[in-house]
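Working notes for the structure below.
The values are calculated or read from the model by the stated rules, or taken from the named source; none is laboratory data. The model shown is predicted, which means the values in this text are computed figures rather than measured ones. Note that we place each Cβ from the backbone using ideal geometry, even for glycine, and neighbour counts take in every protein chain shown.
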Amino acid sequence: MKVAIIGGGLAGLTAAAYLSEQSGVTGVLFERSPQLGGRAFTYEKAGFTLNYGAHAIYGLDRHTLSVMERELKLDFSSKQVDKRKVVYEKGEHLTPAPLDFVNLIKTDLLTAMQKVRFVGEITAIMANIHQIKHYATLGDYLAESGAAEDVKELWEHLVCSNFFITPEDARRVPGPVISDYYHNLFLSHRPVNYVLGSWAVITNQLRDKVNLSERWSIALQEGVDGIRYEQGKYVLKTKAREETFDRVIFAMPIQQVVKLLRGTPWEPFLEPYEHNTATEVMVYDIGLDHVVARPFSYISDMNHKLFISDVSATDHTLVPEGGQLLQGIAYLSEESSSDEDRKAYLEERTQQMESLFDRHYPNWRDAVAVKRVSKKAMVQSVKNIASNRLVPNRIESMPFYFCGDGCEGKGELAERAFSSGRRVAERLVEELLHV
Ligand SMILES: Cc1cc2nc3c(=O)[nH]c(=O)nc-3n(C[C@H](O)[C@H](O)[C@H](O)COP(=O)(O)OP(=O)(O)OC[C@H]3O[C@@H](n4cnc5c(N)ncnc54)[C@H](O)[C@@H]3O)c2cc1C
């Protein structure tokens, strides 16, 4: 069986690595950029390793990456973010983020009674008996929960931080999604970690695995710009060639699949997914030539819904000797009535971010060696809220497979890309066994 995978991000590389182990499968991985990795692309500048998307892994011991580590024999190291140095800023006050029982006891965000209530909620989630899974959204649950405003705010803020979304969107996350996600995270012994050396450590190994299997090739700078069905096979067209395949896996954001299949007989089947919205954030990365301050490894500004990670406090491999790498992220709302309003909104977010840097990293502006600001970075191609529909790995009446962080799978963000890539490879192999 000859398979085409379109997209060389985490999902496409994962699917290709698994399929490359199958002796009955040959294939080509098409990537339109000059490099692999997609949104997990890593690059070097002035001695700093910068990630387009951050490389934090939530709940590593229960994460799909740990399964892949065993199954694909990946070799990587990771380091846990120091939980005692994760703080929330509320008003002008700093307090430990209630990530575990020790921090929960210390935090000022809740009163003693509210802490008892919150511990009860965590315990119920861990035991998988929390009522939230029966509610359409987090907002619906909170409205009926009778919880104090501070407990509600804490729930919303947790969801903002893990899903990279605003409080309004947090309230729209489906109850079962919250229940599953936090069941895993609260049971994890390794809640927040970095893969040492960035995503490239993973993507390079997946690439090498594909290349080592001589049945597969990787076509870089070869975007697929057309696809048609002919005599029981799929003909893919790029600028360089036309080639025929038995099966096709789409490993790219659904917004791009919709564009690629416009005008083909398959277009109508994508209609339910066409209006999905993506999770977008503002990213403000700065590489500093020396450590200006190291008060914590992560600070989340609850007032303005943005955070700064001192990435190099956990992963020192990313900076030149003595340097510091800080990554600021601001969650963004979707709506703006005009381009002008949007511009003003983004400007306001930039100023809020810079003032968070000013408050905790004095004189940072004088130490900047590299800076990268992106006002519209796609964190997840389909925001996991009630009004969106994640893309199934197979869509009824369509002959293709779909994977990526907007598709059905386990977890959120990169884990959804890894898990859906693994799942489509598994389903394709099952299909092969039954052909
Ligand atoms: C700022 C930011 C911070 C993040 N932080 C985290 C984090 O801390 N933890 C975490 O787990 N995740 C994080 N993420 C999310 C993570 O980076 C993504 O979930 C993941 O990289 C998505 O991978 P993917 O393979 O689904 O999609 P993509 O990376 O988008 O891959 C799709 C690929 O398809 C290619 N392509 C598209 N069209 C074509 C075509 N026609 N022909 C050929 N190729 C094509 C694209 O060039 C791309 O390489 C973050 C993302 C961002 C942007």
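Annotations for the structure displayed:
- Scanning the stretch 109-157 for residues that are in a helix (DSSP H, G or I) and of a type in the set (Gly, Ala, Ser) gives Ala112, Gly120, Ala124, Gly139, Ala143, Ser145.
- Sole residue being more than 14 Å from the ligand (Cβ to nearest atom) and touching a strand residue (DSSP E or B) at 6+ places or on another chain (Cβ under 8 Å), chosen from Ala4, Ala46, Ala11: Ala46
- On the stretch given as the stretch 326-373, residues that are outside any helix (DSSP H, G or I), modelled with pLDDT of 95 or more and hydroxyl-bearing (Ser, Thr, Tyr) total 2.
- So Ala97, is it without any contact (Cβ under 8 Å) to a residue 24 or more places away in the chain, under 19 Å from Asn184 (Cβ atoms) and not charged (D, E, K, R): no
- Among (1) without any contact (Cβ under 8 Å) to a residue 24 or more places away in the chain; (2) touching an Asp or Glu at 6+ places or on another chain (Cβ under 9 Å), the one test that Asn103 misses: (2)
- Test: residue in the stretch 338-345 that is surrounded by 15 or more Cβ atoms within 10 Å (Cβ to Cβ) and touching a Gly at 6+ places or on another chain (Cβ under 7 Å): no
- Search result, residues across the stretch 17-41 that are within 24 Å of Ala54 (Cβ to Cβ) and of a type in the set (Phe, Trp, Tyr): Phe41
Residue-wise test of (1) surrounded by fewer than 18 Cβ atoms within 10 Å (Cβ to Cβ); (2) among the hydrophobic types (A, V, I, L, M, F, W, C).
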| position | (1), (2) |
| --- | --- |
| Leu185 | no, yes |
| Gln205 | no, no |
| Val210 | no, yes |
| Ser217 | yes, no |
| Val235 | yes, yes |
| Phe250 | no, yes |
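- Residue check, Val67 touching an Asp or Glu at 6+ places or on another chain (Cβ under 8 Å), more than 9 Å from the ligand (Cβ to nearest atom) and at pLDDT 95 or above: no
- Residue in the stretch 375-396 that is in a helix (DSSP H, G or I), farther than 18 Å from Gln327 by Cα, within 16 Å of the ligand (Cβ to nearest atom) and charged (D, E, K, R) present: no
- From the list Leu413, Leu346, the lone residue that is in contact (Cβ under 8 Å) with a residue 60 or more places away in the chain, within 12 Å of the ligand (Cβ to nearest atom) and closer than 25 Å to Asn51 by Cβ is Leu413.
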